[in-house]
1. Looking at segment 137-155, can you tell me whether even one residue there is under 14 Å from GLY94 (Cβ atoms), in contact (Cβ under 8 Å) with a residue 60 or more places away in the chain and out of contact with any helix residue (DSSP H, G or I) (no Cβ under 8 Å at 6 or more places or on another chain)?
2. Can you tell me which residues in segment 155-181 are of a type in the set (A, V, I, L, M, F, W, C), open to solvent by 100 Å² or more (accessible area, probe 1.4 Å) and modelled with pLDDT under 95?
3. How about segment 83-136: which of its residues are assigned to a loop (DSSP other than H, G, I, E, B) and among the aromatic types (Phe, Trp, Tyr)?
4. Show the residue pairs that are 6+ apart or on different chains and have beta-carbon atoms under 7 Å apart, the first residue being within segment 23-35 and more than 18 Å from ALA65 (Cβ to Cβ), the second being of a type outside the set (S, T, N, Q) and modelled with pLDDT under 70.
5. Could you grab me the full set of residues in segment 82-99 that are surrounded by fewer than 17 Cβ atoms within 10 Å (Cβ to Cβ), in contact (Cβ under 8 Å) with a residue 60 or more places away in the chain and not small (Gly, Ala, Ser)?
6. For residues in segment 100-113 being open to solvent by 10 Å² or more (accessible area, probe 1.4 Å) and among the aliphatic types (A, V, I, L, M), which is farthest from LEU161 (Cα to Cα)?
7. Identify, by number, the condition in (1) of a type outside the set (S, T, N, Q); (2) on the phi > 0 side of the Ramachandran plot; (3) in contact (Cβ under 8 Å) with a residue 24 or more places away in the chain that GLU126 doesn't meet.
8. If I go through segment 157-179 residue by residue, how many of them are over 16 Å from PRO96 (Cβ atoms) and either assigned to a loop (DSSP other than H, G, I, E, B) or free of Cβ contacts under 8 Å to residues at least 60 places away in the same chain (or both)?
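The values are calculated or read from the model by the stated rules, or taken from the named source; none is laboratory data. The model shown is predicted, which means the values in this text are computed figures rather than measured ones. When we count neighbours, we look across all protein chains shown, and the Cβ atoms used for this are built from the backbone with ideal geometry, even at glycine. Each accessible area value is taken on the protein alone, full model and side chains, heavy atoms only, with ligands, DNA and RNA left out. Shrake-Rupley method; radii C 1.70, N 1.55, O 1.52, S 1.80 Å.
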Amino acid sequence: EESLEALAGMVLNDGFCCRYNAPGPPPARMREGLPCAWGAVKALAALAWLPAGQRSPAVRDAIQAGVEFLLEGDLAGGGFPTATTPSRLWHSFGFPLGYTSDLLEVLAVLARLGMAGDPRLAGALEIVRRKQDGAGRWRLEYAPRNSWADWGALARPNKWLTLRALYVLEAAAWQAVGENG
């Protein structure tokens, strides 16, 4: 609980700024960099595991700030503030994910927060649907090179990605039904 409170405090004080996401050499302080979508996703992922009834006001405010940041940007296109062009990894579905993130992870985190039925996710959900193959699976497009295990072959259907994608699409369908009736 203390760690989650500290994380919420960092989010509320520094936003999702990252000193590595700054033009030129990295500044000394986080808040001097640009916001980082990957960092926002990772922070929200941690905060989302806390049941809604157990969230402090700071955690609730941090979650709200993260959701607003992600949904104000171009979620489908990865067009968040950055000193560079959006990472190709945003649209490359991968497993496992370390410090990087992808569109599928963002959608999964938003689903855990009850946001998967939000109409602003339509474009991102369509990208997920288009990547599904004829057998209902998703291909591994990215895997870290320094992994200690074999998580599947690149460009081949992958059970871990399929599980992630199905979770997101099912959550979106259920949450959309809940919002509409």
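1. No; the residues of segment 137-155 include none that is under 14 Å from GLY94 (Cβ atoms), in contact (Cβ under 8 Å) with a residue 60 or more places away in the chain and out of contact with any helix residue (DSSP H, G or I) (no Cβ under 8 Å at 6 or more places or on another chain).
2. First, the residues of segment 155-181 that are of a type in the set (A, V, I, L, M, F, W, C): 155, 160-161, 163, 165-166, 168-169, 171-174, 176-177.
Next, from what is left, pick out any that are open to solvent by 100 Å² or more (accessible area, probe 1.4 Å): 163, 174.
Residue satisfying the conditions is TRP174 alone.
3. Within segment 83-136, PHE93, PHE95, TYR99 qualify.
4. Listed by first residue and then by second, the contacts come to PRO23/ALA83.
5. Within segment 82-99, PRO96, TYR99 meet the criteria.
6. Initially, segment 100-113 is screened for residues open to solvent by 10 Å² or more (accessible area, probe 1.4 Å), giving 105, 108, 112-113.
Right, trim to among the aliphatic types (A, V, I, L, M) and you get 108, 113.
Values: ALA108: 12, LEU113: 20 Å.
So, considering only residues that are open to solvent by 10 Å² or more (accessible area, probe 1.4 Å) and among the aliphatic types (A, V, I, L, M), the one farthest from LEU161 (Cα to Cα) is LEU113.
7. (2)
8. Step one: list which residues in segment 157-179 are over 16 Å from PRO96 (Cβ atoms), which gives 157, 166, 168-179.
Filter once more, keeping what is either assigned to a loop (DSSP other than H, G, I, E, B) or free of Cβ contacts under 8 Å to residues at least 60 places away in the same chain (or both): 157, 166, 169-170, 173-174.
Adding up the residues that qualify gives 6.
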